[in-house]
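Trainee: Below you will find the structure I want to go over with you.
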Amino acid sequence: MTTAILDFDPAATVLPQGHFIAGVYHRPGEAMIHVRRPSDGRVIGQVPDASPETVDFAVETALHAWRSSGWSRRAPRERAQVLLRWAQLIDAHRVELAQLEALNSTRPVSEAYASDVPLTAEVIRFFAEFADKAGGDVAATRQNSLGFVAAEPYGVIGAITPWNFPLSMCSWKCGPALAAGNAVVLKPSEMTPFSTMRLAELAIEAGLPAGLFNIVNGGGASAGAALTRHPDISKISFTGSTTTGASIMRDAAQYGTKPVTLELGGKSPQLVFSHVADVDETARCVARGFIANGGQACVAGTRLIVHKQLAERLIAGVLQHLEGIEPGPTWLASTRYAPIISAPQAQRIQAIVDRSVDQGAHVLCGGGLFDGTGEGYFYRPTLLTNVTSSTAAVREELFGPVLTVQTFEDEEEGIALAGHPTYGLAAGIHTSDIGQAMRAMRGIAAGTIWINRYARSGDMIIPTGGFKQSGIGKDLGRQAFESSQRYKSVLIDF
Ligand code: NAD
C-alpha cells in the first residue's frame, strides 16, 4: 500500500450519525456529545447521548429481531456464512475503515491498515468457523436414562467497549456473541464511536438480519448504565477500566443477576533474568511492549523488572530502541507513534509521573509531552528508575508510554516483584533457562504469560483475560464462544 493511498484529509471524512438500530440511523433529538480527533484535539463530529427510551428501543428491537429472524435456530453453518461475508466486506473496505479508525482513535493509519482492520476480519472469521464446530456433552447416567448438555444463546447480549482499538474490541465482542446465535446491542466509547458504527452497517450489508446488531451511542453513566440495567439484556460483555467494571458488576448483580465478562485494566511486568538469548532482541521487546499505541493498551508491559547483572546493558538497549520516535498526525501514513486520546488522559499520565518523582523516582528519559504538537497530546516515551513497589507509576495503571525499572538479585525476588497486588492481566518473562521460565510462569498470577516475547500472537484460539482486578472471563478463544451461551441440562428416561 502506497503512502499516497493511505494518507487522507481528516476534514473530508464523512461520519455516520445517530444510533444504528434495525439497520438504519435514528436521531431522536437528544443531547449531543462532541467527538474529537486526538492528533490535534479538534472536534470532528457529535454523537447523541442515548436516553433510557432509546436504549429500550434498541434492546426491544434486538429482542424482536432475534425472535422473528430465527437467527439462533438457523443451521450454525448458515450463521457462519453470514459472518464470513461480513469479514469479506471488512477486508474489502480496508482503506476506508483504517482511515476512520485513524481519524477518531489513537491508531496511526498505517497501523490500522496493516493490523487493526485485517485482524478485525480475522476475529469475525475465527468465530464464524466456531459456529458449526462446537459440540456438547452427552453423559452416561444410568440404564434407560440419558443426559445431555444443550448449549443455547442468551438472547440479547449488551456489549460495552473502550476507546482503545475500537474495531478490534467490537470484533472480540460481536464475533462470539453473533456466532453463538445471540443478538447484540453495543455501546462504543463516546470518544471513538465512528468505526464501530461503520462495522455494524457492513454486518447488515453482509446479510445479518437488521436488528441483530445495534449500536447505541452515549456516555457511560447514561447510555452504558441503562444498557447494563435493561431487563432484556441477558449478559454483559465489557472492556474498559477496573473502576467501571466494578460499577457494571454492581449493576449486573442488582438488575437481574446477569453474567458478566469483564476485560479490565492491567499493570503488566516484563521480567528479565540474567541470561537471555539475545539482549538486543529482549530490549526491542521491552520497548515495544510499553510504547505500542502510546502505552494505551491494556496489556502494555509497563514494569521492567530486570536482573542487576543485565540492567545497565538492557536499559541502554531499550533507550536505543526509543531513539528517533517522532509524533505525527494519525492521518499520515508515515506516522508510527500514537497520540494520547485526550487532554484529561494526558494530564492524568503527567500527574502520576509527577507524583512518582515526588516519591523519589528519577526520570531517565521523557517525562513530559513532545513540544510543538499543537493541541494534540503526544507523550514522550519515559523511563523511571529508583522506584519501589509503592511508587505511584508502579502501582497505578496510567495508560501511557511510561516504563518503571526495578532490579533484583535472585529468581525468587524477581518473581515476587513481578506480581502486582491488584492487577493480573499479562506478564512477559525473558530467559534462556526453560526451568526458570516455567517457575516464573507458575509464580506470577496473570491471565496471559509471554515467554521470550511480548505481545499477542494473532492466533485467535489463545484467549485473553485477566486475574484479580484485571477481570473475569475471557475474550477470544473457545472460551469466548462458550461464554456466549448458557447450558441446559437435559435428562431423558426411556
Ligand atoms: P472506561 O471504563 O472509562 O470506559 C469503557 C466503556 O465503558 C466506555 O464505553 C464508557 O462509556 C463505558 N462506561 C463508563 N462508565 C460506565 C457505567 N457506569 N456503566 C456502563 N458503561 C460505562 O475505559 P476507557 O478509558 O474507555 O478504556 C481504557 C481502559 O480499558 C483501561 O483501563 C484498559 O486497561 C482497559 N482495557 C482492557 C482491555 C482488556 O482486554 N483487558 C482491553 C482494552 C482496554
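Trainee: Given the peptides 239-250, 176-187, 432-443, arrange them by the average over their residues of other C-beta atoms within 10 Å, most packed first. Kindly include the intermediate steps, with their values, before the conclusion.
Mentor: Values: 239-250: 18.8, 176-187: 27.6, 432-443: 14.8.
Going by the mean number of other Cβ atoms within 10 Å, highest first, we get 176-187, 239-250, 432-443.
Trainee: Sticking with this one: The stretch 427-494 to the stretch 353-417: how many Å between their Cα centroids?
Mentor: One Cα centre to the other: 27 Å.
Trainee: Let me ask something else about it. For every other residue with a beta carbon closer than 11 angstrom to the beta carbon of Phe370, add +1 if it is Lys or Arg and -1 if Asp or Glu, then tell me the sum. Each step should come with its number before you reach the end.
Mentor: Numbers: positive: Arg380; negative: Glu326, Asp371.
Its environment carries a net charge of -1.
Trainee: In the neighborhood of Ser470, defined by Cβ-to-Cβ distances under 9 Å, what is the net charge if each Lys or Arg adds +1 and each Asp or Glu adds -1? Before the final figure, lay out the partial values.
Mentor: Details: positive: Lys267, Lys468; negative: Glu263.
Residues near Ser470 contribute +1 overall.
Trainee: Provide the FRET efficiency to the nearest 0.05 for the Thr388-Thr422 pair, computing r from the beta carbons and using R0 = 25 Å. Mind showing how you got there, number by number?
Mentor: Numbers: r = 16 Å, r/R0 = 0.65.
For Thr388 and Thr422, the calculated efficiency is 0.95.
Trainee: Longest span of the chain, sites excluded, free of GluC sites (Glu not before Pro) in DSSP loop with at most 11 other C-beta atoms within 10 Å? Spell out each step's value before the answer.
Mentor: Numbers: sites that count: Glu323, Glu409.
The segment 1-322 is the longest one with no such site.
Trainee: Order Thr373, Thr407, Thr196 by their accessible area, 1.4 angstrom probe, all chains in place, largest first.
Mentor: Numbers: Thr373 35, Thr407 55, Thr196 0 Å².
I get Thr407, Thr373, Thr196, largest accessible area first.
Trainee: Express the relative contact order of the chain as a whole percentage, based on alpha carbon pairs under 8 Å and six or more residues apart in sequence.
Mentor: Numbers: 1148 pairs, mean separation 92.1, N = 494.
With pairs under 8 Å counted, the relative contact order is 19 percent.
Trainee: Just how far, in whole angstrom, is the stretch 299-348 from the stretch 35-110 if you go by their alpha carbon centroids?
Mentor: Spelled out, the Cα-based centre of one part sits 31 Å from the other.
Trainee: Which of the aspartates and glutamates could be linked to Lys173 by a straight reach, that is with a Cα gap under 14 Å, when you skip same-chain ones fewer than 8 residues away?
Mentor: The qualifying aspartates and glutamates are Glu122, Glu263, Asp475, Glu482.
Trainee: If you don't mind, another one. Note down the net charge around Tyr487, summing +1 for each Lys or Arg and -1 for each Asp or Glu among other residues with Cβ under 15 Å from its Cβ.
Mentor: Values: positive: Lys235, Arg478, Arg486, Lys488; negative: Asp137, Glu152, Glu482.
It works out to a net charge of +1.
Trainee: Which pairs in the list Lys308/Lys468; Lys267/Lys474; Lys187/Lys488; Lys267/Lys308 are over 24 Å apart, alpha-carbon to alpha-carbon?
Mentor: Working: Lys308/Lys468 29 Å; Lys267/Lys474 18 Å; Lys187/Lys488 29 Å; Lys267/Lys308 22 Å.
Checking Cα-Cα distances, Lys308/Lys468; Lys187/Lys488 exceed 24 Å.
Trainee: In degrees between 0 and 90, to the nearest 10, how far off the longest principal axis of the chain does helix 52-69 point, with axes built from Cα atoms?
Mentor: Between helix and principal axis, roughly 60 degrees.
Trainee: Once neighbouring chains are kept in place and the probe is 1.4 Å, which whole percent of the accessible area of the chain is contributed by carbon and sulfur? Don't skip to the end; give the middle numbers.
Mentor: Details: 10430 of 19750 Å².
Roughly 53 percent, rounded to a whole number.
Trainee: Report the one residue of Ala277, Gly400, Ala440 whose Cα lies farthest in the direction of the positive end of the charge dipole of the stretch 269-459 (charges on C-beta: Lys and Arg +1, Asp and Glu -1; origin at the Cα centre).
Mentor: So the residue furthest toward the plus end is Gly400.
Trainee: So, one more: Is there a quick way to get the dipole size of the stretch 372-494? I mean about its Cα centre, with the Cβ of Lys and Arg at +1 and of Asp and Glu at -1; what is the value in debye to the nearest 20? Write out the running numbers ahead of the final one.
Mentor: Working: 11 positive and 13 negative charges, 89 e Å.
Using Cβ point charges on Lys, Arg, Asp and Glu, the stretch 372-494 gives about 420 debye.
Trainee: From largest accessible area down, sort Val387, Val95; use a 1.4 Å probe on the protein chains.
Mentor: Details: Val387 20, Val95 40 Å².
Largest to smallest exposure gives the sequence Val95, Val387.
Trainee: Would you please classify the overall shape of the chain from the alpha carbon gyration tensor, given that a ≥ b ≥ c denote the square roots of the eigenvalues, rounded means a/c under 1.5, and beyond that prolate means a/b larger than b/c while oblate covers the rest?
Mentor: The shape class here is oblate.
Trainee: How much accessible area per residue does the stretch 312-371 have, counting only protein heavy atoms and a probe of 1.4 Å, in square angstrom? Write out the running numbers ahead of the final one.
Mentor: Working: 3070 Å² over 60 residues.
Per-residue accessible area for the stretch 312-371 comes out at 51 Å².
Trainee: Where does the chain land at 222 nm, in deg cm²/dmol rounded to the nearest 500, when only DSSP H runs of n ≥ 4 count, each adding -39500 (n - 2.57), divided by all residues? List each step's numbers first, then the result.
Mentor: Working: 16 runs with 180 residues, N = 494.
So the helix-based figure for the chain works out to -11000 deg cm²/dmol.
Trainee: Among the trypsin sites (Lys or Arg not before Pro) within the stretch 122-197, which fall in a DSSP loop and have no more than 10 other Cβ atoms within 10 Å of their own Cβ? Don't skip to the end; give the middle numbers.
Mentor: On the way: sites: Arg125, Lys133, Arg142, Lys173; in loops: Lys133, Arg142.
Those satisfying the criteria are Arg142.
The values are calculated or read from the model by the stated rules, or taken from the named source; none is laboratory data. Just so we're clear, the structure is a prediction, and the values are computed from it rather than from any experiment. Every residue, glycine as well, gets a Cβ built from its backbone with ideal geometry; the counts of neighbours run over all protein chains shown. When the accessible area is computed, the model is the full protein with side chains, heavy atoms only, and any ligands, DNA or RNA have been set aside. Shrake-Rupley method; radii C 1.70, N 1.55, O 1.52, S 1.80 Å.
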